[in-house]
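Okay, structure first, notes after.
The values are calculated or read from the model by the stated rules, or taken from the named source; none is laboratory data. Just so we're clear, the structure is a prediction, and the values are computed from it rather than from any experiment. Virtual Cβ from ideal backbone geometry, glycine too; neighbours counted across all protein chains shown.
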Amino acid sequence: MVFVQHEKMNTDDMLQGHLQLYHHLLSYIKSMALKCATELGIPAALHRRGGAATLADIATEISLHQAKLPHLRRLMRVLTVSGIFAIAQEHPSSSSTGNGEIVYTLTAASRLLAAGEHDMSPMLRFLVHPTALTPFFSLHAWFRAHDDDDAGNSGGGAAAARSLFEMAHGFPRWEMTGRDAAYGAVLSDAMAADSRFVMEVVMREAGGDVFGGIGSLVDVGGGHGAAAAAVAKAFPHVKCSVLDLPHVVSQAPAAGDRGNVEFMAGDMFEFVPPADAVLLKYVLHCFGDDDCIKILRRCMEAIPTRDAGGKVKIVNMVVGSGSQENIFKETQALFDLYMTYIDGVEREEKEWEKIFFKAGFSAYKIMPILGFLSVIEVYP
Ligand SMILES: C[S@@+](CC[C@H](N)C(=O)[O-])C[C@H]1O[C@@H](n2cnc3c(N)ncnc32)[C@H](O)[C@@H]1O
C-alpha cells in the first residue's frame, strides 16, 4: 500500500505502523535474550533433560535462584514466541503469571546451541560480542564520512575512508585480532564451529562432488583449520593445508590436534601455495571487489589448468539464490548489512560473475546446498 503524505491515516493503519515500529525497534532484545539463555546454559540444560523440561527443571539444571523464576519465564516466553524454544504441553492452570506446568522443548535452532556435536554457540558469542556490536552505533556517521574527512576522525587530509570497525575501534579488524588476543580467540572459535557445521553438510550432501578428484587443497584464510581438517578426515588421500596470517597460524591447534593438516603463515594478497584446489570459506565477503580480484588472481596462479582439474571452491552467500521465503531473504539482507562493518559485502550472482571474469576465470558453478549459503566452484 502506498501512503500519500497529506492523507490522514486511519486508526488501523496507525496501529499497524505503531506495532511494526515497536516490533522492529525491539528486535535486538531477541539477540540479547538468546545470548542470555545460552550463557545461562538453558539449551544445554534442556538437552540434558532429554530435550524437554519445565521451568523449575531448567532453574534446577542451571542453578538459578528461586526468586528469578518469574524472570526466567519471561525470558523463555520471548524465546518461545520467536521460535528458539517450543512448548510441548501446557497445563490448563498455567497463565502468564501462574505456576502452570509449561514444558519447554528444544527446536532445531536451540539444538545448535545445546553444546552437542553441532555446537554453534561460539558463533553466537562472536556475533553479539561488544566488539562486533559497538560499530553499529556509528553506522550513520560512517555513511556520512568521505575519503577526505572520515567523519572527522582521520585528523584531516586525504586518508582512505576507514571501515565502520576501524572508526569504532581504531584498527582494521584483521589487525585487531592480532592486538586483542581474547577477541582473536572469539573470532577463531566462531569460525571453527561454523566450519565444522558447514563442512558436515557439504560432506553429507555433495562431499564427493566438491572434494573428490583432487590430490591437494589449500584453505586460504583457513583460520585454525577446521574446514581443512574435515576434508582431510573424509578424503585422507587429499593433502590439506591452511594459509593464514602469522598471528592466526601461531594460535592454531598443536600438531597432535590439527588432523592431517599443514599450516603456513603468509599473506594471500602476495602468494598462495600451489594445490589442485583452493578453498575460500567466508573470505571473499570480507573484502571489496578489487581486493577479491587480487586474491583470486593469486589463487589462479596456485592451481593447475581447468583440464588438469584446477578449481577454486568458495563458501559464501549468493544473495537472492535459494528459497524465496522471507526468512531467507531477510537473513541474507541482514548478513550483507552486517558485513559493512569491515567493508565486506554479500554478493548477488551477477556481482560474483563480474569479479570471477575480471580475475581471469572462465566459468563457475553455483551449488545451493547450504541453505542461505552456497558453494561456488570457479574454473580457470
Ligand atoms: C572470516 S575468517 C574465515 C576463516 C575460515 N575460512 C572459516 O570460514 O572458518 C577470514 C580469515 O581470513 C584471514 N585473513 C585475513 N587477511 C588475510 C591475508 N591477507 N592473508 C591470509 N589470511 C588472511 C583471517 O585471519 C581469517 O582467519
Residues in the stretch 306-357 that are out of contact with any Leu (no Cβ under 7 Å at 6 or more places or on another chain) and in a loop (DSSP other than H, G, I, E, B) total 15
Taking the stretch 212-238 and the residues there that are part of a loop (DSSP other than H, G, I, E, B) and within 16 Å of the ligand (Cβ to nearest atom), the one that is surrounded by the most Cβ atoms within 10 Å (Cβ to Cβ) would be Gly222
If we keep only residues of the stretch 191-203 that are aliphatic (A, V, I, L, M) and within 8 Å of the ligand (Cβ to nearest atom), then the residue nearest to Pro130 (Cα to Cα) is Met191
Just one listed residue, out of Pro273, Pro253, is more than 9 Å from the ligand (Cβ to nearest atom), in a loop (DSSP other than H, G, I, E, B) and modelled with pLDDT of 90 or more, and it is Pro273
Out of curiosity, is Ala359 of a type outside the set (Lys, Arg), surrounded by fewer than 15 Cβ atoms within 10 Å (Cβ to Cβ) and at pLDDT 95 or above? no
With the first residue restricted to the stretch 222-243 and required to be under 18 Å from Phe271 (Cα atoms) and in the same structural domain as Glu270 (by TED's automatic domain parsing), and the second required to be away from the ligand (no atom under 12 Å from the Cβ) and in a helix (DSSP H, G or I), Cβ contacts under 7 Å at 6 or more apart or on different chains are Cys240/Val231; Cys240/Ala232
Of the residues that make up the stretch 106-125, is at least one more than 30 Å from Thr177 (Cβ to Cβ), in contact with a helix residue (DSSP H, G or I) (Cβ under 7 Å, 6 or more places away or on another chain) and at pLDDT below 95?
no
Practice prompt. Go through the residues of the stretch 358-369 one by one and say whether even a single one is assigned to a helix (DSSP H, G or I) and in the same structural domain as Asp209 (by TED's automatic domain parsing).
Written response: yes
Among (1) surrounded by fewer than 19 Cβ atoms within 10 Å (Cβ to Cβ); (2) at pLDDT 90 or above; (3) not assigned by TED's automatic domain parsing to the domain that holds Met264, Met203 falls short only on (3)
So the helices (runs of 4 or more DSSP H) completely within the stretch 1-68 holding 3 or more residues that are within 16 Å of Phe85 (Cβ to Cβ) are 27-40, 42-48, 55-61
The residue that is modelled with the lowest pLDDT, considering only those in the stretch 129-152 that are in contact with a helix residue (DSSP H, G or I) (Cβ under 6 Å, 6 or more places away or on another chain) and either crowded, with 16+ Cβ neighbours inside 10 Å or farther than 23 Å from Tyr341 by Cβ (or both), is Ala151
If we ask which residues in the stretch 282-328 are closer than 28 Å to Ala193 by Cβ and among the charged types (D, E, K, R), their number turns out to be 5
